[in-house]
Structures are given as C-alpha cells and as structure tokens.
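The values are calculated or read from the model by the stated rules, or taken from the named source; none is laboratory data. Keep in mind the model is a prediction, meaning the values are calculated, not measured. Because the Cβ atoms are built from the backbone with ideal geometry, glycine has one as well, and the counts that use them run over all protein chains shown.
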Amino acid sequence: MSGFLENMRCSECVDWGEKRNTIASIAAGVLFFTGWWIIIDAAVKYPHSDDFNHSYHACGVIATVAFLMINAVSNGQVRGDSYSEGCLGQTGARIWLFIGFMLAFGSLIASMWVLFGGYVIQDKEKISVYPGIAVFFQNAFIFFGLTT
C-alpha cells in the first residue's frame with residue numbers, strides 16, 4: 001500500500017511522504033475491522049452449530065495472531081539496521097516474520113477449505129453458504145490488512 005501511494009501522480013495535491021505510514025496504518029486497521037465485522041455478523045445471524053460450526057472461528061484467531069506477529073517486527077529489525085541485540089538478532093526477527101506469514105497463509109488456505117468443504121460441496125439443500133463466505137472474507141480482509 002505504501003508503495004502504491006508513492007507512485008500516485010497527484011504529488012501536487014498531497015505530500016504522501018509524510019502521511020504514507022499513517023494512511024497505510026489506517027487502511028490496515030479498516031481491513032482488519034471489516035474482516036471481524038463480517039464474521040461477527042455471521043455468528044449473530046447463525047447462532048446454532050447446525051448452521052455455522054463455531055470452531056471455524058479458529059481460522060480468524062490464527063490470522064489475528066499472524067497480524068500481530070507481523071506488525072511487531074519493523075523493517076529495521078528485518079534489515080538489521082536497528083536490531084543487533086537479543087537472542088537471535090536479525091535472524092530471529094526474520095524467523096518471527098516468516099512464521100507470521102506462514103500462519104497468515106495457512107489461515108487463508110484453511111478458510112478456503114472451510115468455504116468449499118463445509119458449505120459449497122454440501123448435499124443439503126437448506127444449508128446457507130453465507131457462513132463459509134464470511135469465514136473466507138474475514139481471513140481475506142485480515143490478510144490484505146497485512147499486506148498494506
């Protein structure tokens with residue numbers, strides 16, 4: 001997202017250099033909030049486990065943990081500019097970031113499995129697909145919040 005803001009042609013209108021991190025942080029927060037808002041809506045609309053198995057919330061919880069892990073590491077720590085002390089130093093920060101991204105990708109893939117395996121390919125005619133779509137979009141919005 002911040003790279004996108006640097007390439008915009010309206011540099012006369014707004015100075016993106018000073019506001020880039022602020023706008024990217026706000027966009028990430030809005031995407032994170034939207035993901036959780038969607039899943040809360042599905043949980044309220046389908047309160048029974050027959051319609052929406054509430055163990056599917058684990059995908060969103062793992063995505064939230066990944067969101068926190070990735071945002072805990074700064075660019076300087078990954079490059080080694082500002083972080084030289086600690087147990088593993090720069091290597092530890094990179095491993096932490098890698099584990100965070102693996103959790104994020106894993107939760108996104110698991111939400112696709114929940115959508116298709118639990119809701120789209122069901123033989124039941126009365127089952128609604130919306131809870132599966134909500135689980136997927138929750139994880140997709142959290143994942144896109146990571147990439148801003």
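Pairs linking a residue in the stretch 82-93 that is of a type outside the set (Gly, Ala, Ser) to a residue that is modelled with pLDDT under 70 and surrounded by 11 or more Cβ atoms within 10 Å (Cβ to Cβ), with Cβ atoms under 9 Å and 6 or more positions apart or on different chains, are GLN90/TYR83. Within the span defined as the stretch 97-115, every residue fails to be at pLDDT below 90 and surrounded by 12 or more Cβ atoms within 10 Å (Cβ to Cβ).
Counting only helices (runs of 4 or more DSSP H) wholly contained in the stretch 1-76, no element carries 2 or more residues that are at pLDDT 85 or above, acidic (Asp, Glu) and within 21 Å of GLY132 (Cα to Cα).
Of VAL120, VAL61, VAL30, all but one fail to be within 23 Å of ILE142 (Cα to Cα) and over 22 Å from the mean Cα position of the chain (by Cα); the exception is VAL120.
Selection of the stretch 116-134 for residues being surrounded by fewer than 16 Cβ atoms within 10 Å (Cβ to Cβ) and assigned to a helix (DSSP H, G or I) yields PHE116, GLY117, VAL120.
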